[in-house]
Amino acid sequence: MSHNKIKVAGQSPDSSGNVSVSLNDISDINTAGVQANQTLIYNGSSYVAGNKEGVLGVVFLTSNNTSSNYPQTLNASDNVYWYAPTPINTITGASLLDSDSLGSNWYDGVTLPAGDYIIQCSLHGDFTGSTGQCKYVLKAGSTAIGCLAESADPSNNSEYPNDASAYFSSGSSFDLTADIQTLTAGNSTTTDLQAKRGYLYVWKVA
Amino acid sequence: MSHNKIKVAGQALDTAGSVNLSTSNLSDIAYSSLSSNDLIEYNGSSYENVAKANTLLVAQSLFANNNNTATGSGVFNFVFTNSTSNDNTANSLFVDAQSSGYGIADITGSLDTSQVCPSGLQIGSNGKRFYCKYEVPTGQYILVASTRGFFQDSTGNSLMSWMDENYNVLGNAVEILPASGGQRGSKKIFGYVNTNTTIHVHLGFISTSKHARAREANGTTVQILRIGDYQS
């Protein structure tokens with residue numbers, strides 16, 4: 001074997017006997033498509049170009065304006081339900097809840113892994129008249145978190161916020177729901193308003 | 001020294017005189033339980049694998065809101081129409097961020113806005129900034145907006161949502177009404193988009209009536225947060 005047949009990482013020596021090796025010559029590195037400020041990330045078999053930033057996981061229950069009537073009459077013993085035919089769930093270890101087994105793409109919360117979360121949601125209830133009100137609050141397990149919110153009949157001048165929001169940090173897995181606290185003049189004839197306008201948005205921030 | 005004793009990064013040459021190198025052969029890299037999504041990070045003396053942060057690191061964001069009231073004449077006569085055709089440059093809810101002061105568009109990273117003055121509005125001579133749609137490169141984004149209606153009369157109403165350029169609805173719909181018509185439901189307009197190409201998003205109208213394009217000093221805010229790479 002002569003010297004001029006020696007190759008290191010696929011690269012031959014130059015006339016001075018030097019071998020220049022770049023990152024992409026290393027067998028488990030592929031820098032294809034790399035852009036400024038990117039780093040190398042292991043993908044299970046090799047290192048490829050990617051962004052340094054992490055990913056904020058989200059759960060987003062919303063219907064994107066598709067229709068489905070609210071699946072049960074609002075009741076103070078129940079949770080708020082959200083309609084999500086194509087639910088977004090990018091939080092590793094999170095799973096959607098349907099406590100009353102209603103099915104048909106309706107969910108009343110999510111089981112979340114340990115972490116820190118920013119949470120917000122809304123309810124758009126059906127009522128029989130101007131006294132119609134439904135107060136609800138986000139809960140981690142049985143613990144109320146964040147602000148009390150309210151859905152009200154359009155002719156009801158209540159000044160509660162429409163949206164419930166909270167920040168919650170937990171060292172262990174927990175069930176996140178929005179618990180109905182009080183209800184007045186709920187309508188057993190339900191509409192698709194909650195399907196189109198209600199949402200649950202969870203951001204895992206740590 | 002014979003050839004067969006040559007080693008490169010601890011690796012012997014094969015019979016053809018070649019040696020392949022992987023990162024683990026390099027003298028200043030030491031792996032421990034290497035897993036997917038790990039990065040190589042310098043620890044002060046050598047490189048080691050560390051997990052990619054799985055926490056919020058917002059690298060790019062866009063914020064814009066109205067911060068002044070229109071003074072031009074005639075703006076009240078122009079109303080929005082339903083977002084069902086190629087009209088998102090002039091028919092999406094626009095933010096009028098003035099050329100100075102708090103509320104002017106703040107952008108980090110490669111997000112962008114499209115500055116379009118809807119037909120009929122008077123921009124004036126102060127370089128006012130009308131933002132009608134927002135360019136987002138590949139990645140995952142949280143879209144947040146709030147607004148209020150400016151209607152020609154008490155019978156006006158709008159049902160609004162975040163939309164992409166093909167008018168796909170990207171989140172919850174929000175009903176915007178005149179003050180006298182009740183304020184039912186959430187007024188926060190949320191969206192989420194996960195795209196592997198550069199697209200434009202905007203605040204569109206699922207339905208609308210008598211919603212004037214006039215500018216208001218308050219009540220309209222747009223926020224776009226990049227929360228991660230595109231997820232296939």
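For segment B:18-35: of the residues being modelled with pLDDT under 85 and assigned to a loop (DSSP other than H, G, I, E, B), which is nearest to the other protein chains (Cβ to nearest Cβ)?
Top of the filtered list is B:LEU26.
Report yes if A:THR92 is facing another protein chain (nearest Cβ under 10 Å), touching a Pro at 6+ places or on another chain (Cβ under 9 Å), within 22 Å of A:LYS204 (Cβ to Cβ) and buried (at least 19 other Cβ atoms within 10 Å of the Cβ), otherwise no.
In short, no.
Say we look at segment A:145-159 and pick out the residues that are over 10 Å from A:GLY125 (Cβ atoms) and buried (at least 17 other Cβ atoms within 10 Å of the Cβ); which of these is farthest from the chain's Cα centre (by Cα)? Please lay out each step first, then the result.
Narrowing segment A:145-159 to residues over 10 Å from A:GLY125 (Cβ atoms): A:145-149, A:154-159.
Pick out the ones that are also buried (at least 17 other Cβ atoms within 10 Å of the Cβ) and you get A:145-146, A:149, A:156.
Details: A:ILE145: 18, A:GLY146: 18, A:ALA149: 20, A:ASN156: 32 Å.
For segment A:145-159, the residue satisfying everything is A:ASN156.
Could you please tell me which pairs satisfy a Cβ distance under 9 Å, a separation of 6+ or placement on different chains, a first residue in segment A:14-28 that is within 16 Å of B:SER18 (Cβ to Cβ), and a second residue that is of a type in the set (Phe, Trp, Tyr)?
From segment A:14-28, the pairs are A:ILE26/A:TYR47.
In this structure, is A:VAL48 modelled with pLDDT of 85 or more, over 30 Å from B:GLY228 (Cα atoms) and either touching a His at 6+ places or on another chain (Cβ under 8 Å) or not assigned by TED's automatic domain parsing to the domain that holds A:ILE91 (or both)?
On the way: modelled with pLDDT of 85 or more: yes; over 30 Å from B:GLY228 (Cα atoms): no; either touching a His at 6+ places or on another chain (Cβ under 8 Å) or not assigned by TED's automatic domain parsing to the domain that holds A:ILE91 (or both): yes.
Criteria not met by A:VAL48.
Residues are listed down the side, and each one gets a yes or a no for (1) at the interface with chain B (Cβ under 8 Å from one of its Cβ atoms); (2) in a strand (DSSP E or B); (3) at positive phi:
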| position | (1), (2), (3) |
| --- | --- |
| A:ASN24 | no, no, no |
| A:SER27 | yes, no, no |
| A:VAL34 | no, no, no |
| A:GLU53 | yes, no, no |
| A:ASN65 | yes, no, yes |
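The values are calculated or read from the model by the stated rules, or taken from the named source; none is laboratory data. Keep in mind that what you see is a predicted model, and the values were worked out from it rather than measured. All Cβ positions, glycine included, derive from the backbone under ideal geometry; neighbour counts span all protein chains shown.
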